[in-house]
Every structure is written in structure tokens, then in C-alpha cells.
Ligand SMILES: [Zn+2]
């Protein structure tokens, strides 16, 4: 499927947009003016057009059902109805809202003076604003909405009616003129749009570029890479033509100028004919993780003992070398086992070396991901088909215990390298890589169906929108 431009993505995904009018904290202090800020500020009117919610799954009624498992819902304030205060009667004035970009070196005072506001009034406004916001925090590129009014009786004089600006992703500050003639400032939680977003792309250069072109927020991309780091070495395994699909929650401001990636709900990679998938799922014990379609955890562990029935015969660390006779670092662990005992790949990966390697004898090295590599030494022989470049699965037999190289008896010398340095295999942090069982398994199957239906619906909407755009 073609990469989406942001515009086409927005065009078609807007119907799915969901408005959570996040409580207008202190909103009652503020009077809604006829000239609302162009980004909609906290007025419900401004967001209504974008907000027609469509059900997540058929038959769920017309209200947005939060997708279970999205933790973003817990990090944002609870949705509460937007409060619109009774409009102030404004029979004799016209309010003009001006959007102003902060330029390098600007102060708020300079901006207000430039707009023609008398200095004394600007002073008064800034003093009030300071109660909730330090105007020195203004940065170039930020936008302010300044509301100006012209009194009919004194046509020449412009009066500051109010101003507002985004402080951060979820907060605005707003200054408004009061009936008493002064100003009042308040902090507002901005209403945020939350919607499931589907992005996909074919990698031609880097994953980074392709994901950027598909509109995936940086934070979500980083999460995606983390998610698949056990299966994919992102430095080496990604090839032109590989594809990815990602379903994630997007949180944005109503004007969509600021977007943020929420939780990843589903992700898939197609790499050289192999397909990897991950579904987000929360187990009954409350832990949230990612599982492939069959319910196996996406995160994997390396085997601590990649050989059956073995006895640990030498630990990791300084020791007196049994052959050389002097003390040196033992950079792996030894497992004594009879000659011919099968040796397993400690994890999925790619063979980077298979052959004779000096004192290591018959030796195999496997790269598991961008971080971990394992090595197996002194093999009697290397298993058939195991050679450089071959992909292996965890538990696959890669060779047989022997006594080749610099050894006194038959054993497996096993090394785990993290970022190229040997670490103690027995101290590897192990991840619960077990498959989902029982009630979790049943709930997971339902979840997979839900997510697949959501993906299908979003993909269909996108196709319809693309067809319309042609
Ligand atoms: Zn050893």
C-alpha cells in the first residue's frame, strides 16, 4: 500500500476522531467570546465537526469505547463535559482574534505594543498573566491568540480583550478582561482528540524515514523498535521492500498541530518473507505485554543452559585456566556433558560464524538482535546446515558437545555477549516468555479479533478516502 501523506491520512481518519473534552479547569472564570481562538480553545463548538465518533466495534453504540489496554487513558484526566460559560453580553463591541507567532527576541510586551495596545494596558495584562504563567517562557515559534476589541464609542483605541497560548501539549493559559475592568488569568486543560491511528509503509531507505512518512510519531516509533528488538536487529535485518503496519493511539490537540503517540495496540513486520506480529494485551494479573497471534510473548529470553542434562563445570569470572595453568578471565560458563550431546541455539537469530576458531575448536556464534550474541565452543561437530548467514530458532540443534580446541575434557563453553562484551549467562535477566494460558488465552483470542476488526475498518476507510482523492 502506498505511503500516506499526512493530509490524506487526516482526511480519512477524521471521522474516527474522538473528542475527550478534558475538563475545562477554571473555565467558569472565563467568558466565551464570539471570537474564539482559531484552534478551538475550550469551546465545544469548535471541535464538534471533527468529533463525530464512530464505534470501535460494530454494535457498541455510538459512543467511543476506549480500547481496553490503552494505558494513555489512565495518564490523562478523566473526560468531563466541556463547560461553556454563559456568553457575556457584548452588544457594542467587536472582538477580533489575532494569531501571532513569537519571533526570536520577542517579549510579550513587544508583541502587544506591536498590535497597537497601549503600554499601560499591556503592563496590566502581563501582571495578571504572571499569576499563572511567566511570559519569559515564551519561545520563538510559539503561537499566541490575542483578542482585541474596538469600542464603538472610541473607534480609534484598541483594547486588549484577552489572550491565550498553549503552554504545553495539554495545557493553555488564558487571560480575559473582567467586567470590573481588570484582567483575570487561568490555566485550562485543553480538550484533546484521541483516536486509533493506522500507519503502514514499505521501507525503501530506513525504517525511520518510512515511519516518518507514514506519520508515526517519534515516541511511537521508538516503542515499536523496542517491541521487536528481540526478533529484529534493526541495524542489519531491515531491507528495502520490508513492510510494517502499526495501530496506535494518537493524542492530538484540536488543531492537530501537536500530536503525540500513545500506546501501540498492534504492530507487524514483514521481513524477507517472515511475518512478525505483536498484539497488546493485559493479563488477568494486571501485567501488560505484547504477544504474537498464537499468544506467545514477543519478548524472549536467551536459554541459560543451551544443552540438556549438563553439569555446570566452570563459572564465569577469574579462574586458573585448566590447560594454560595461569589465572585469567573465564568469559563464559562451561557445561560438562557427554560427547555428542546436542547443543541448542539459545534464542532465535542469525549464525555469524560456524567453523574452526583456534582454541575454541569447532565454534558457532549467533546474533540474536542488536544487543545480544551467543557463542558455543569446543563442539565435536557443527550440525548440518549451520553456516554463516543461516537463521536459527531457539532450541534448534546447532552442534554437539565435544572436546575440540584447548580443552581437557568434553564440555560446552557457552558465552553471552551484550553489545560485544561477554556477560555472565547465569545472571541474565530473564523475561517471562511463556505463552498465555487458560482464561488469559480465551480473553486474548477475543482481543485479537477486536484489534483485527479495528484494523480492517481503518484500512477500509483509508482505501475509500484514497479512492475519493483520486
Ligand atoms: Zn569455558
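The values are calculated or read from the model by the stated rules, or taken from the named source; none is laboratory data. The model shown is predicted, which means the values in this text are computed figures rather than measured ones. Neighbour counts run over all protein chains shown; Cβ positions are idealised from the backbone, glycine included.
Exactly one residue among 240, 191 is over 30 Å from residue 161 (Cβ atoms) and in contact (Cβ under 8 Å) with a residue 12 or more places away in the chain, and that residue is 240.
In segment 357-366, what residues are in a strand (DSSP E or B) and away from the ligand (no atom under 13 Å from the Cβ)?
Result: 362, 364, 365, 366.
Quick one: would you say residue 372 is away from the ligand (no atom under 16 Å from the Cβ), farther than 30 Å from residue 449 by Cβ and buried (at least 21 other Cβ atoms within 10 Å of the Cβ)? Here the answer is yes, as residue 372 does meet what is asked.
The single condition among (1) closer than 30 Å to residue 287 by Cβ; (2) touching a helix residue (DSSP H, G or I) at 6+ places or on another chain (Cβ under 8 Å); (3) surrounded by fewer than 18 Cβ atoms within 10 Å (Cβ to Cβ) that residue 445 does not meet is (2).
Of the strands (runs of 3 or more DSSP E) that lie entirely inside segment 262-356, those containing 2 or more residues that are surrounded by 16 or more Cβ atoms within 10 Å (Cβ to Cβ), within 16 Å of the ligand (Cβ to nearest atom) and modelled with pLDDT of 90 or more span 333-336.
Taking the stated definitions as given, is residue 275 free of Cβ contacts under 8 Å to residues at least 12 places away in the same chain, at negative phi and not assigned by TED's automatic domain parsing to the domain that holds residue 447? No: the conditions fail for residue 275. Yes or no: residue 386 surrounded by 15 or more Cβ atoms within 10 Å (Cβ to Cβ), assigned to a loop (DSSP other than H, G, I, E, B), more than 30 Å from the chain's Cα centre (by Cα) and more than 16 Å from the ligand (Cβ to nearest atom)? When the stated conditions are applied, residue 386 passes them.
Just checking, does segment 427-450 include any residue being closer than 30 Å to residue 355 by Cα and either more than 29 Å from the chain's Cα centre (by Cα) or within 16 Å of the ligand (Cβ to nearest atom) (or both)? Yes, segment 427-450 contains a residue that is closer than 30 Å to residue 355 by Cα and either more than 29 Å from the chain's Cα centre (by Cα) or within 16 Å of the ligand (Cβ to nearest atom) (or both). Figure legend. Inter-residue proximity from segment 207-228: first residues in the same structural domain as residue 242 (by TED's automatic domain parsing) and over 22 Å from residue 290 (Cα atoms), second residues at pLDDT 85 or above and part of a helix (DSSP H, G or I), beta-carbon distance below 9 Å, spacing 6+ or different chains. Indicated pairs: 212/221.
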